[in-house]
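Written below as structure tokens is the structure these notes are about.
The values are calculated or read from the model by the stated rules, or taken from the named source; none is laboratory data. Here the structure is a predicted model, which means the values were calculated and not measured. Here the Cβ positions follow ideal geometry from the backbone for every residue, glycine too, while neighbour counts run over all protein chains shown. For accessibility, only protein heavy atoms count, side chains too; no ligands or nucleic acids. Shrake-Rupley method; radii C 1.70, N 1.55, O 1.52, S 1.80 Å.
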Amino acid sequence: MEGTRLVKIERLLQKELSELFRRQTALMHGTLVSVSAVRVSPDLSLAKAYLSIFPSERGAEILASIEKNKKTLRYDLGQIVRTQLRRIPELAFLIDDSLDYVANIDKLLQKANT
């Protein structure tokens, strides 16, 4: 039963964080930040959000900006989900580089075929 509850909380946090990032990056033309996954600890004290950033060259810069504004993001998230969650977990942001990894594998396979 606990696993189902965690999955629901992860989906809720992913959806709301995605919406927060969509609103914030709407002013930054040519930049897209999406939340590919959220993993919450069993005691709901920590939520790791995996971010996919486009263009990936600006990933470190955007992640540093997000880390700087982490408290504001947690507060905004808390205002949105306060009716669903009693306690808002601490947020940790990580870059999800799986798309870059897939592109690199694809490029290597194309190079091997030629």
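General remarks:
- Some residue of region 54-76 being crowded, with 17+ Cβ neighbours inside 10 Å and either touching a residue at least 60 places away in the same chain (Cβ under 8 Å) or closer than 23 Å to Gly3 by Cα (or both): no
- Test result for Asp96, among the charged types (D, E, K, R), open to solvent by less than 70 Å² (accessible area, probe 1.4 Å) and under 22 Å from Lys8 (Cβ atoms): yes
Yes/no per residue for (1) farther than 18 Å from Gln14 by Cβ; (2) of a type in the set (Phe, Trp, Tyr); (3) modelled with pLDDT of 90 or more:
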| site | (1), (2), (3) |
| --- | --- |
| Thr31 | yes, no, no |
| Val38 | no, no, yes |
| Ala47 | no, no, yes |
| Tyr50 | no, yes, yes |
| Pro55 | yes, no, no |
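- Selection from region 15-71 of residues that are part of a helix (DSSP H, G or I) and among the β-branched types (Val, Ile, Thr): Thr25, Ile62, Ile66
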